[in-house]
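To keep things clear, I will list the structure first and then write my remarks on it.
The values are calculated or read from the model by the stated rules, or taken from the named source; none is laboratory data. Being a predicted model, the structure only gives us computed values, none of them experimental. Every residue, glycine among them, receives a Cβ derived from its backbone with ideal geometry; neighbour counts consider all protein chains shown. The area values use the complete protein model at the heavy-atom level, side chains included, leaving out ligands, DNA and RNA. Shrake-Rupley method; radii C 1.70, N 1.55, O 1.52, S 1.80 Å.
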Amino acid sequence: MESIELNNGQKINCKSLTKIEYNSLLKDTVGGIVERIWTQYNIAVHQLKNGQVVVEENSYYTLYDNLEDVDKVLLNAVGNSNGSEILAGKNIYGAKFPEEVPVLIKQLCQILDINYTSSNEQLLKDIDAKVNRLADPQQFRESHLIHFIALIGDVIIRKYSAEWKMELASDGTTWNPYLIINNQDVQFFVYLYEDIFINRVQEEGLLFGIYKTVVAIREHNL
């Protein structure tokens with residue numbers, strides 16, 4: 001196997017494929033093309049039945065161990081292209097972000113006039129509904145990204161016994177919040193950022209949709 005070294009020093013295993021090898025592996029894929037990656041990067045990504053992933057980009061073909069590794073490589077490339085981390089200036093709490101999660105969730109509920117009892121799927125749906133009724137939902141989503149990250153992460157932690165993992169980014173100042181699920185890093189904050197700031201998704205169930213994406217990753221990839 002070959003490897004790709006990310007800016008943070010982590011190495012991602014991969015293997016270059018010939019077109020014949022790629023086409024042969026395509027016969028063993030499930031679920032079709034990964035739409036979110038195709039829409040954002042115009043890169044064809046398919047998952048194999050064993051959890052591995054094949055990628056086709058500009059007639060180059062690569063095999064990865066899992067979908068999370070592909071996300072990490074793409075995020076690394078995005079960071080290189082724009083010169084900054086996507087949470088730069090947004091996670092003002094740094095490595096102590098997990099300690100602030102309860103406060104951030106309560107703040108979000110207070111702003112939206114929602115009675116907070118616990119972090120669960122219903123709360124995600126209630127907040128989605130409240131935000132959709134605002135005069136400018138897009139502006140609110142952009143301004144409260146860190147609150148959304150806190151809430152989605154907390155719901156997953158409570159339901160699936162996950163935990164936070166803070167990782168210092170390559171800029172030396174930005175701390176990124178990952179979830180550890182079944183001993184694997186899940187960088188769900190990237191999906192949320194892309195839907196809000198890049199794709200500007202207007203669907204009614206944005207937060208619940210990201211939550212379901214992480215649940216699907218847990219069930220099929222981890």
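Computed extension gain for Lys49 through Glu142, at 0.36 nm per residue and net of the alpha carbon distance, reaches 29.9 nm. Ligands, DNA and RNA left out, the accessible area of region 1-76 computed with a 1.4 Å probe is 46% carbon and sulfur.
Of the accessible area of region 101-197, with the probe set at 1.4 angstrom, what percent is carbon plus sulfur? Before the final figure, lay out the partial values.
Details: 1830 of 4220 Å².
Heavy-atom surface of region 101-197 belonging to carbon and sulfur, 1.4 Å probe: 43 percent.
For region 37-159, lysine pairs separated by 8 or more sequence positions, or belonging to different chains, with Cα-Cα distances below 19 Å total 6. In the frame of its principal axes, region 29-73 has Cα extents of 24, 20, 18 Å, reported largest first.
Bridging of Lys15 to aspartates and glutamates at a Cα separation below 15 Å is possible for Glu2, Glu5, Glu56, Glu57, Asp65, Asp69, once same-chain residues fewer than 8 apart are set aside. First measure r as the distance between the Cβ atoms of Ala88 and Leu134, then evaluate 1/(1 + (r/R0)^6) with R0 = 30 Å and state the FRET efficiency to the nearest 0.05. With a Förster radius of 30 Å, E is 0.70. Counting every C-alpha pair in region 158-199, the share spaced more than 11 angstrom apart comes to 68%. Assuming R0 = 30 Å, can you tell me the calculated FRET efficiency for the pair Val103 and Gln40, based on Cβ-Cβ distance, to the nearest 0.05? After rounding to 0.05, the efficiency reads 0.40. Note that the chain presents 50 Å² accessible area per residue, ligands and nucleic acids not counted, probe 1.4 Å.
For Cys109, the shell of other residues with beta-carbons less than 11 Å away shows a net charge of 0, using +1 for Lys and Arg and -1 for Asp and Glu. Ordered from largest to smallest accessible area (heavy atoms of protein chains, 1.4 Å probe), the residues Asp69, Asp171 come out as Asp171, Asp69.
When every Cα-Cα distance of region 96-222 is counted in 5 angstrom steps from zero, the calculated P(r) takes the values 2, 11, 22, 25, 21, 14, 5, 1, 0 percent. Region 3-64 and region 154-180 have Cα centres separated by 25 Å. Judged by the mean number of other Cβ atoms found within 10 Å, the most tightly packed of the peptides 19-31, 142-154, 177-189, 121-133 leads the ranking 142-154, 177-189, 121-133, 19-31.
Please state, rounded to one decimal and in Å, the Kirkwood hydrodynamic radius that region 1-122 gives when every pair of distinct Cα atoms enters the mean of 1/r.
Its Kirkwood hydrodynamic radius stands at 17.3 Å.
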